[in-house]
Amino acid sequence: MSLSNKLFQGIGMTSQRTRDRLIQRLKDQGIDNELVLEVMARVPRHVFVDEALAHRAYEDTALPIGYGQTISQPYIVALMTQQLLVDGIPNSVLEIGSGCGYQTAVLASIFPQVYSVERIEALHKLAKKRQAELEFYNVQLRHTDGNLGWPIPNYQFDRIIITAACTEIPEVLTQQLVEGGSMIYPFDDGRDQTLMKLNKTSQGVDTEALIKVSFVPLLTGLA
């Protein structure tokens, strides 16, 4: 990724100094993977939000990106990414819900191969534009319903990350996860949302609860 463009380097409230303060907050909240911290400091979050909100890009909070969607809180992005790396850096990751492409860019800075799907066409186009501008060539983006997984038969991934709350995991996603792989997703039980981690084994799947979260719902169909 090339960050030589001044747009990506940022000034004032989007400067590296501002980003460094965010990184310290992430450390204080328990993010301790040095690679994750390095990437969170480097990826320019301000280019993924509306210009009017750029001055808030390095606050540790979710921000609106239009179409009823949000760019996730940096801590949640860092935590989900860190959980994907517990057993080292795998080769491939499937992201369900590209949104504006910020989490995608974080993943693309770490994983050799990133696949991401988004149901809202306008956001898909925005994410695609941002990945090109940031010169990520290891990302494949598709405009499709995330409940259907990656739209090519027989694909499997080392990791899967779902960035919208689901009441149940689409079966196709469990099928597209390799044995020994893991999936991070927010689960909505109708009262609360909990960030969950699923590990796929030869005997089936094991899950563990991480923290309480708040995500937009995982919807079906295209928009």
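Give the residue, chosen from ILE152, ILE184, that is under 26 Å from GLY68 (Cα atoms) and of a type in the set (Val, Ile, Thr). Step through it out loud before you land on a result.
On the way: ILE152 fails: under 26 Å from GLY68 (Cα atoms).
The unique qualifying residue is ILE184.
Quick one: which residue in GLY88, GLY68 is of a type outside the set (Ser, Thr, Tyr) and within 19 Å of PRO186 (Cβ to Cβ)? Walk me through it before giving the result.
Numbers: GLY88 fails: within 19 Å of PRO186 (Cβ to Cβ).
One residue alone meets the criteria, GLY68.
Considering only residues that are in contact (Cβ under 8 Å) with a residue 60 or more places away in the chain and either in a helix (DSSP H, G or I) or touching a Leu at 6+ places or on another chain (Cβ under 7 Å) (or both), look in the stretch 25-43 and name the one that is surrounded by the fewest Cβ atoms within 10 Å (Cβ to Cβ). Break it down into steps so the answer makes sense when it comes.
Restricting attention to the stretch 25-43, the residues satisfying the condition of being in contact (Cβ under 8 Å) with a residue 60 or more places away in the chain are 35-36, 39-40, 42-43.
Now drop any that are not either in a helix (DSSP H, G or I) or touching a Leu at 6+ places or on another chain (Cβ under 7 Å) (or both), which leaves 35-36, 39-40, 42.
Details: LEU35: 13, VAL36: 24, VAL39: 20, MET40: 24, ARG42: 16.
So the residue we want is LEU35.
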task: Within the stretch 107-135, track down each residue that is among the hydrophobic types (A, V, I, L, M, F, W, C), surrounded by fewer than 24 Cβ atoms within 10 Å (Cβ to Cβ) and in a helix (DSSP H, G or I).
output: ALA122, LEU123, LEU126, ALA132
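For residues in the stretch 148-161 being modelled with pLDDT of 95 or more and surrounded by fewer than 19 Cβ atoms within 10 Å (Cβ to Cβ), which is farthest from ARG42 (Cα to Cα)?
Just the residues of the stretch 148-161 that are modelled with pLDDT of 95 or more, to begin with: 148-150, 156-161.
Then keep just the ones that are surrounded by fewer than 19 Cβ atoms within 10 Å (Cβ to Cβ); that gives 148, 156.
Details: LEU148: 32, GLN156: 29 Å.
Going through the qualifying residues, I end up with LEU148.
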- line: Reported set for the stretch 202-219 where residues are at pLDDT 95 or above and not in a loop (DSSP other than H, G, I, E, B) is VAL205, ASP206, THR207, GLU208, ALA209, LEU210, ILE211, LYS212, PRO217
- prompt: Do you know which residues across the stretch 168-201 are outside any strand (DSSP E or B) and of a type in the set (Asp, Glu)?
  reply: GLU168, GLU171, ASP189, ASP192
- prompt: For the stretch 112-131, what are the residues that are more than 20 Å from GLY66 (Cβ to Cβ) and either in contact with a Leu (Cβ under 8 Å, 6 or more places away or on another chain) or of a type in the set (A, V, I, L, M) (or both)?
  reply: VAL114, TYR115
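Are any of the residues in the stretch 162-176 within 24 Å of VAL43 (Cβ to Cβ) and among the acidic types (Asp, Glu)?
From the stretch 162-176, those within 24 Å of VAL43 (Cβ to Cβ) are 162-165; that's our starting set.
Pick out the ones that are also among the acidic types (Asp, Glu) and you get none.
So far as the stretch 162-176 goes, no, none of its residues is within 24 Å of VAL43 (Cβ to Cβ) and among the acidic types (Asp, Glu).
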- request: Filter the stretch 59-87 down to residues that are surrounded by fewer than 20 Cβ atoms within 10 Å (Cβ to Cβ), part of a loop (DSSP other than H, G, I, E, B) and either within 14 Å of the chain's Cα centre (by Cα) or of a type in the set (Ser, Thr, Tyr) (or both), then give me how many there are.
  value: 5
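The values are calculated or read from the model by the stated rules, or taken from the named source; none is laboratory data. Small disclaimer: the values here were computed from a predicted structure and weren't measured. As a convention, Cβ positions derive from the backbone with ideal geometry for all residues, glycine included, and neighbour counts pool all protein chains shown.
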